[in-house]
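FYI, it's all coordinate maths here, none of it is from the lab. This structure is a prediction, so every number in the text was calculated from the model and none was measured. Please note: Cβ atoms are built from the backbone with ideal geometry, for glycine as well, and neighbour counts cover all protein chains shown.
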Amino acid sequence: MNTSNTSDLQQFKESVHPLNLLPLWERHVKLVPGSQSIPAHWSYDKVRPFLEESVRLITKKDADRRVLVMENPALRGSSFISQSLFAGQQIIMPGEVAPSHRHSPNALRFVVEGEGAYTSVDGVKMKMRPGDFIVTPNFMWHDHGNEGNQAVVWMDGLDTPFTSLFGAHFRENYPQDIYPVTHTCHQVDEHSANFLYPWQTSFDQLLAMPPTKIDPAHGMKLRYTNPQTGKDPFTTIAAFLQMLPKGFQGQTYRSTDHTVFNVAQGSCLLEVGHQTYHLATHDVMVIPAWESYRFSSSEMSILFSFSDRSAQQALGFWREEYLA
């Protein structure tokens, strides 16, 4: 390109700028897989004391939900753990109630520790036990309470970035703290089957998998599905439970979904790029889109995870790759 053309093109660009126009050949948009998010690790041993301190500093009523948001270091100020997902650690003390509300984002709970708490979704009241995965579909009334004698902690996961992207984030508080309960269940039944995925049931399914089902990158991996539809619990979020056998040395892997891992049992090593993370029980780790990673474990380890795979597959975007 000669100098005169370069000068003319620059003048052209400046001329169209006041009209909010940009020549396509001048754009600086990332046109390869990847994300602005970066890998990040939250040690539960470090997070847990701050959850306890928050109990002292603010009441459940004042906080509405006493949650410590896990914010991606590259997205500070967004409240998002990745460009497509929200995650936080919530604590509820004996006798407390998290008031009923509803919102357009879908939400999930993965119970980390403690017993005696419940969640109520659309009037169905369910006990929460460690390792349980609980679904709260969008715009259903839900509240939580602790009727036990110990603190209960769970991880919240939401697709808030999706609703923010579309400008469709709606939220409404119920006039009373508790939405009317129409059914109370202590085990999964016809009323709670679409909301509650108990730990023991899912763990037993992992143990029942034959050795031929061991994935070279993920070990034994179970994808949660709605028992009525056979599809993911949400249209945007997929959720998984996986087991890394003792001595597991995984193959390097990458995929286009942003994934949040929570170690339910055991510990493992996670190599991400050129860095190795030691994940202990209840630690949380986020892997951005198309970031290569590899698991290894000296003991049997169980990991819960959720990602935006459901949305990506529905839209035809999702890709994966097993690396040598």
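A compact table of results
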item: Helix 3-16 axis, angle to the chain major axis (alpha carbon atoms, nearest 10°); result: 50 degrees
item: Total formal charge among the other residues, if their Cβ is under 11 angstrom from that of residue 141, Lys/Arg +1 and Asp/Glu -1; result: -2
item: Cross-link pairs beyond the 32 Å C-alpha cut-off, checked among 125/221; 127/221; 46/213; 60/231; 125/213; result: 46/213; 60/231; 125/213
item: Prolate/oblate/rounded call for the range 167-246, Cα gyration tensor, a/c under 1.5 rounded; result: prolate
item: The chain: angle of helix 44-57 to the longest principal axis, Cα-based, in degrees nearest 10; result: 70 degrees
item: Rel. contact order, % - alpha carbon contacts under 8 angstrom, at least six apart, the chain; result: 17 percent
item: Neighbour net charge for residue 173 - beta-carbon separation under 15 angstrom, K R +1, D E -1; result: 0
item: Total formal charge among the other residues, if their Cβ is under 10 angstrom from that of residue 92, Lys/Arg +1 and Asp/Glu -1; result: +2
item: Unit Cα scatterers, Debye sum, the range 40-322: log10 I(q)/I(0) for q = 0.08, 0.10, 0.15 Å⁻¹; result: -0.31, -0.50, -1.20
item: Signed unit charges on C-beta, dipole axis of the chain, positive-most listed residue 183, 265, 95; result: 265
item: Assigned charges on the beta-carbon of Lys, Arg, Asp, Glu; the range 225-291 dipole about Cα centre (debye); result: 160 debye
item: Residue exposure sequence - 284, 55, 153 - by fewest surrounding Cβ within 10 Å; result: 55, 153, 284
item: Check: the chain dipole with +1 on Lys, Arg Cβ and -1 on Asp, Glu Cβ, in debye; result: 280 debye
